[in-house]
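A.B. asks: The structure's right below; bear with me while I get my questions together.
The values are calculated or read from the model by the stated rules, or taken from the named source; none is laboratory data. If you're wondering where the values come from, they're calculated on a predicted model, not measured in any experiment. Cβ placement follows ideal geometry from the backbone for every residue including glycine, while neighbour counts extend to all protein chains displayed.
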Amino acid sequence: MVEHKLQITVRDYECDLQGIVNNAVYLNYLEHARHTFLLEKGIDFAKLHNKGVDLVISRIEIDYKQWLTSGDEFIITSSMQREGHLRMIFNQKIHRVLDNKLVVNAKVVGVGVKNGRPLRVTDIEGFKSME
């Protein structure tokens, strides 16, 4: 299984009144890491879309374990595996760099669609090489 790592720093505007990263912002972090991961593997969302194929999320499970505050550096690790013929499972974790504490543990389920119909993972350009 291929693992991807991305390091990011929390920006002030991502924090809420309590001074911690708003829970919805973590979804943006995870999405950015998935996109970066796929781009490094030669899978480009825009190119796929222009060919009529869209990658969409059908489910996200997320456990918040710790919080991040402004200026915190953190690392997102992402790995992907296939589940059945249609689903891509991204297992993602966020760890704070300072103490290596687990901040977020997430399972993200994605599918490919073409013209509104589900598409086999192996039929999506670039995904065969990730197995």
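A.B. asks: Taking region 74-107 as the region of interest, how many residues are touching a helix residue (DSSP H, G or I) at 6+ places or on another chain (Cβ under 9 Å) and part of a loop (DSSP other than H, G, I, E, B)?
C.D. replies: So the count comes out to 3.
A.B. asks: Identify the residue in region 22-73 that is assigned to a loop (DSSP other than H, G, I, E, B) and in contact with a Gly (Cβ under 6 Å, 6 or more places away or on another chain) and, among all such residues, is farthest from residue 105 (Cα to Cα). Give the steps one after another, and end with the answer.
C.D. replies: First pass over region 22-73, keeping only residues assigned to a loop (DSSP other than H, G, I, E, B): 22, 41-44, 51-52, 65-68, 70-72.
Filter once more, keeping what is in contact with a Gly (Cβ under 6 Å, 6 or more places away or on another chain): 42-43.
Numbers: 42: 26, 43: 24 Å.
Applying the filter and picking the extreme gives 42.
A.B. asks: Residues that are in contact with a strand residue (DSSP E or B) (Cβ under 6 Å, 6 or more places away or on another chain), within 26 Å of residue 22 (Cβ to Cβ) and surrounded by 11 or more Cβ atoms within 10 Å (Cβ to Cβ): does region 111-130 have at least one?
C.D. replies: No: region 111-130 contains no residue that is in contact with a strand residue (DSSP E or B) (Cβ under 6 Å, 6 or more places away or on another chain), within 26 Å of residue 22 (Cβ to Cβ) and surrounded by 11 or more Cβ atoms within 10 Å (Cβ to Cβ).
A.B. asks: Mind checking which residues of region 7-54 are among the β-branched types (Val, Ile, Thr) and surrounded by 14 or more Cβ atoms within 10 Å (Cβ to Cβ)?
C.D. replies: 8, 10, 20, 21, 25, 36, 43, 53
A.B. asks: Let me ask another. Six or more apart or on different chains, Cβ atoms under 9 Å: show the pairs whose first residue is in region 93-118 and free of Cβ contacts under 8 Å to residues at least 12 places away in the same chain and whose second is surrounded by 13 or more Cβ atoms within 10 Å (Cβ to Cβ) and among the aliphatic types (A, V, I, L, M).
C.D. replies: As it stands, the answer is 100/75, since those pairs meet every condition given.
A.B. asks: Of all residues being closer than 14 Å to residue 58 by Cα and charged (D, E, K, R) in region 83-110, which is surrounded by the fewest Cβ atoms within 10 Å (Cβ to Cβ)? Just the residue, please.
C.D. replies: Filtering first and then ranking leaves 83.
A.B. asks: Is region 90-112 home to any residue that is within 30 Å of residue 69 (Cα to Cα), of a type in the set (Asp, Glu) and either within 19 Å of the chain's Cα centre (by Cα) or modelled with pLDDT of 90 or more (or both)?
C.D. replies: Yes, there is a match, as at least one residue in region 90-112 is within 30 Å of residue 69 (Cα to Cα), of a type in the set (Asp, Glu) and either within 19 Å of the chain's Cα centre (by Cα) or modelled with pLDDT of 90 or more (or both).
A.B. asks: While we're looking at this one, here's another question. Need the failing condition index for residue 70 against (1) modelled with pLDDT of 95 or more; (2) closer than 24 Å to residue 39 by Cβ; (3) polar (S, T, N, Q), just the number.
C.D. replies: Unmet condition: (2).
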